[in-house]
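Visitor: Could you have a look at this structure, given as structure tokens, before my questions?
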Amino acid sequence: MAPGRLPRRRSGRPRRSGRTWRAATWCQVPRHGVRTGSRSSPDGVRRPAVVECPQVQQQTEVFFCTRVQQGQYSTGDLCKGREHSVTARTSSPGDPERPSSDRRVRQRERRRADLYDVAIQLFVERTYEGTTMEDIADRADVARATVFNHFPRKASFLREWATRRREKAIKAAYAGGPESSLREILVRFFTELGSLSDASRPESVAVILGSAGLADTWQRSPLAVEFAGIFAEAQRRGEIDSTVNADRVGVILASSYYVILTAWAGEEPAPFDLTEEMTGTVDLILNGVLPRPTANQEPVPNP
């Protein structure tokens, strides 16, 4: 072999790390199509990859992962967005799960949670614009690279905050069971968001005002996707007109929420009750603005 040249690895064999065979991983933008492919183990058996996602902090066995939908994971799904890294592994036959694996996952989760708490605290103290990734690393007493390993961009903290709020609101929205009407689901959703925002107003104001100028807040909104799914399900139940574009209504409701939330955060004290304002918006969207026809009145035609 010529001096200065590295030895070539035989093609077709996955890289080995300890007793774990690494699976291929890569990330696509803009919709975070993280894909992992399993490879054959030394015995020639094709095995699924075990995917460990630092953002969702869960593991799932898959052959190909393409996306995740609102925190609900299934075979063939992994991550949506583009704000995290993913590692994957395939185990050789007979490899027992190492006890240290779970411990490392828990340690990583704790570190990520600590960094998140530190960042939100700094946003409250110094505003989002006045806080840098170096500030977060200094306050958390970690290396700057450690922060980027968990949160690749400062905006990732805002996304994490919104995801946590949205997951709690979704859980509350469906707490009434499968018989709940569309309006009941939406009112419970916004009641929970309003309660969370009121209970932590300084934190909410810091994050909301920090998010207001970011394009990601208005583009590819996970909240709009969530609402679109709720309206689509209502269409299947026959609650709303089947010709209504559920995606468009989801965007309208999500946009209304962002505008109202920004107005709520922009004044001290809060200029209105957030829950009441959003409940009124829900009723406006569901009932419309045109007068309802009486018994002797022809309905107003759609243009």
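Every number in this text was worked out from the coordinates using simple rules, so none of it is lab data. Note that the structure is a prediction, hence the values are computed from the model and not measured. Reconstructed Cβ throughout: ideal geometry from the backbone, glycine too, with neighbour counts over all protein chains shown.
Visitor: Kindly list the residues of segment 240-267 that lie in the label zone of VAL289, defined by a backbone N under 15 Å from the point 7 Å along the Cα-to-C-beta vector.
Guide: Of the residues in segment 240-267, 252-253, 256 have backbone N under 15 Å from the label point off VAL289.
Visitor: Expected output is a single nm value to one decimal: the length gained when fully extending between ARG201 and GLU276, i.e. 0.36 nm times separation in residues minus the C-alpha distance. What is it? Could you put the intermediate results ahead of the total?
Guide: Numbers: separation 75, 0.36 × 75 = 27.00 nm, distance 1.65 nm.
Taking ARG201 through GLU276 to full extension adds about 25.4 nm, to one decimal.
Visitor: A further question follows. Grab the beta carbon distance between GLN235 and GLU134, set R0 = 41 Å, and tell me the FRET efficiency rounded to 0.05.
Guide: 0.25
Visitor: Let me ask something additional. Using packing as a proxy for protection, rank 128-134, 272-278, 172-178 so that the peptide with the highest average count of other Cβ atoms within 10 Å comes first. Please report the intermediate quantities before stating the final value.
Guide: Details: 128-134: 15.4, 272-278: 17.1, 172-178: 12.9.
The most tightly packed comes first, giving 272-278, 128-134, 172-178.
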